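J.: Have a look at this one before I ask anything.
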Amino acid sequence: MTNNALIANIFKPSVNLNFWSQVAWAVLRAVVGIVMIHNGLDKLGDIESFSEAYVEYIGLPFPIFFSYVAAFTELIGAPLLAFGLLTRPAALALFGTMCVAMYHHILVSGFNIPYLELSAIYAACFLFFTINGAGLFSTDAVIANWLDTSALSIQAKQIMRLEKAYQSVAADKEKVGITK
């Protein structure tokens, strides 16, 4: 396996070859990514308060450091998720942050659903994207196809509307006599 093919596998999403399924996948990714950004902004707004109320409470060392880690994970990872760029690593980092948030909620109030629900829903979404990738309508899928043109099936490329673009480029090259 070449280096490009290996790297392309990191970006390659699991593929459900249904247009509307892929649209829903992209909408979920964008919405979850966009609405998560405010959590990082809130943490940075008063990092000492967040550190004291959350990080110190669960007993993590270096509470200010880990507060910044959580804030920047949300501020950097959430937009990456929304754009579908480096989705799996971003989603994994966000999933870890939500697991810590759920642990905090359990320490504070036990298995109280109203306190757990939002972080559990976020965690489930981030786990989904960690396992499945960004879907076909993502930057990751375009990069995977660019790195290894055989990474995605012809049907996947047709759903992404890439196949026609590649065919027209190939036709243009043939017209001017450029060959591989």
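J.: Could you look through the stretch 69-104, keep only residues that are of a type in the set (Ser, Thr, Tyr) and crowded, with 18+ Cβ neighbours inside 10 Å, and pick out the one that is nearest to Val32 (Cα to Cα)? Let's see the steps before the verdict.
T.: In the first step, residues of the stretch 69-104 are kept if they are of a type in the set (Ser, Thr, Tyr); the result is 73, 87, 97, 103.
From the residues that got through so far, the ones that are crowded, with 18+ Cβ neighbours inside 10 Å too are 73, 87, 97.
Values: Thr73: 14, Thr87: 12, Thr97: 14 Å.
Result: Thr87.
J.: Same structure again: List, please: which pairs have Cβ atoms under 9 Å, are six or more places apart or on different chains, and start with a residue in the stretch 1-12 that is free of Cβ contacts under 8 Å to residues at least 12 places away in the same chain and end with one that is in a helix (DSSP H, G or I) and exposed (fewer than 15 other Cβ atoms within 10 Å of the Cβ)?
T.: Met1/Asn9
J.: Is there a residue in the stretch 47-59 that is without any contact (Cβ under 8 Å) to a residue 12 or more places away in the chain and aromatic (Phe, Trp, Tyr)?
T.: no
J.: Select from the stretch 19-49 the residues that are under 17 Å from Gly77 (Cα atoms) and charged (D, E, K, R) and write down the one among them that is surrounded by the fewest Cβ atoms within 10 Å (Cβ to Cβ).
T.: So the residue we want is Asp42.
J.: Of the residues Leu17, Leu75, Leu41, which is of a type outside the set (Asp, Glu) and assigned to a loop (DSSP other than H, G, I, E, B)?
T.: The match here is Leu17.
J.: Mind listing whichever residues of the stretch 55-68 are surrounded by 13 or more Cβ atoms within 10 Å (Cβ to Cβ) and in a helix (DSSP H, G or I)?
T.: Quick first cut of the stretch 55-68, residues surrounded by 13 or more Cβ atoms within 10 Å (Cβ to Cβ) only: 55-58, 60, 63-64, 66-68.
Listed by number, the residues that qualify are Val55, Glu56, Tyr57, Ile58, Pro63, Ile64, Phe66, Ser67, Tyr68.
J.: Hey, does the stretch 72-90 have a residue that's aliphatic (A, V, I, L, M), in contact (Cβ under 8 Å) with a residue 12 or more places away in the chain and in contact with a Phe, Trp or Tyr (Cβ under 7 Å, 6 or more places away or on another chain)?
T.: Just the residues of the stretch 72-90 that are aliphatic (A, V, I, L, M), to begin with: 75-76, 78, 80-82, 85-86, 90.
This time we only want the ones that are in contact (Cβ under 8 Å) with a residue 12 or more places away in the chain, so: 75-76, 78, 80-82, 85-86, 90.
Still in the running and in contact with a Phe, Trp or Tyr (Cβ under 7 Å, 6 or more places away or on another chain): 81.
Among the residues of the stretch 72-90, at least one is aliphatic (A, V, I, L, M), in contact (Cβ under 8 Å) with a residue 12 or more places away in the chain and in contact with a Phe, Trp or Tyr (Cβ under 7 Å, 6 or more places away or on another chain), which makes the answer yes.
J.: Sticking with this one: If I go through the stretch 89-129 residue by residue, how many of them are closer than 17 Å to Ala70 by Cα and either of a type in the set (Asp, Glu) or touching a Gly at 6+ places or on another chain (Cβ under 6 Å) (or both)?
T.: Matching residues across the stretch 89-129 total 3.
J.: For Asp42, are the conditions met, namely being charged (D, E, K, R), over 19 Å from Leu118 (Cα atoms), out of contact with any Ser or Thr (no Cβ under 9 Å at 6 or more places or on another chain) and modelled with pLDDT of 90 or more?
T.: No.
J.: A further question on this structure: Does Glu52 meet the test of being acidic (Asp, Glu), closer than 30 Å to Gly135 by Cα and surrounded by 14 or more Cβ atoms within 10 Å (Cβ to Cβ)?
T.: no
J.: So which residues in the stretch 132-151 are buried (at least 19 other Cβ atoms within 10 Å of the Cβ) and either under 17 Å from Phe19 (Cα atoms) or under 11 Å from the mean Cα position of the chain (by Cα) (or both), if there are any at all?
T.: Gly133, Ala134, Gly135, Leu136, Phe137, Ser138, Asp140, Ala141
J.: With respect to the numbered conditions (1) closer than 30 Å to Phe11 by Cα; (2) modelled with pLDDT under 95; (3) in contact with a Leu (Cβ under 7 Å, 6 or more places away or on another chain), which one is the sole condition not fulfilled by Thr130?
T.: Going through the list (1) closer than 30 Å to Phe11 by Cα; (2) modelled with pLDDT under 95; (3) in contact with a Leu (Cβ under 7 Å, 6 or more places away or on another chain), Thr130 breaks only (2).
The values are calculated or read from the model by the stated rules, or taken from the named source; none is laboratory data. Treat the numbers as computed from the prediction; the structure is a model and nothing was measured. FYI the Cβ positions are ideal-geometry reconstructions off the backbone, even for glycines, and counts take in every protein chain you see.
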